[in-house]
Amino acid sequence: MRFDVMPVATEKQILEVEEAANHVWHNYYKGILSEEQISYMLQKFQSREALKKQISEGCIYYMLMVDGDLAGYLCYSLEDDYVFLSRLYIKAEYRRQGLARRTLAHLEALFLSPEHGFQHIKKIRLNVERKNSFAINVYEHLGFKKIRPVNIDIGGGFICEDYVMERKIQHNIF
């Protein structure tokens, strides 16, 4: 299996991420969130317009490619001393193949590389839906710890009930 992490830079790639988000979010959140909330969140956070806006504001999106096919995507932003991993989604047919681990290894190599100037980044932080036991288990397996619960009002009458999870950037663990 050939695994590549490719920056999202073109209109076509943005459209591919939007389509992947529609596929993945309905699969991930079915039974956890209402269909109305999933649709609202997709429009607000993962529509073509939302993706373009996030990218223009400094969010960095990557496509996760397996043998040339889009297997998932990720998004992060840089904060003071940590990276906020706001999205890491893998299509159902590519799960349980080590892609999350390989994606984190790619990110950590980037943050540890002197030529990129990210040595001040000491940890990775993310939010995960408290009812999403699958994702929580994956993140815990990858060394993340729950820091605290948080409720985020995202508008439209919806609240995201998440855990903030975190782990230190690790050298050569993968």
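No value in this document is a laboratory result; all are computed from the given coordinates. Bear in mind the structure is a predicted one, so any value in this text is a computation, not a measurement. So basically every Cβ, Gly included, is an ideal-geometry build from the backbone, and we count neighbours across all protein chains shown.
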Tell me which GluC sites (Glu not before Pro) from the range 18-126 have a DSSP coil assignment and no more than 14 other beta carbons within 10 Å of their own.
Glu57, Glu79
Based on DSSP H runs of at least 4 residues, each adding -39500 (n - 2.57), what is the mean residue ellipticity at 222 nm of the chain after dividing by all its residues, to the nearest 500 deg cm²/dmol?
-11500 deg cm²/dmol
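Under the 0.36 nm per residue contour assumption, what length would be gained going from the current alpha-carbon distance of Asp81 and Val150 to full extension? Let's see the in-between values first.
Values: separation 69, 0.36 × 69 = 24.84 nm, distance 2.02 nm.
Result for the pair: 22.8 nm of gain on full extension.
Share of Cα-Cα pairs in the chain beyond 30 Å, in percent? If you can, show how the numbers build up before the last one.
Details: 1802 of 15051 pairs.
Of all Cα-Cα distances in the chain, 12 percent exceed 30 Å.
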Karplus-derived 3J(HN,Hα), 6.51/-1.76/1.60, for each residue of the range 133-149, Hz, glycine and proline x:
4, 4, 5, 4, 4, 4, 5, 5, 4, 8, x, 7, 10, 6, 9, 5, x
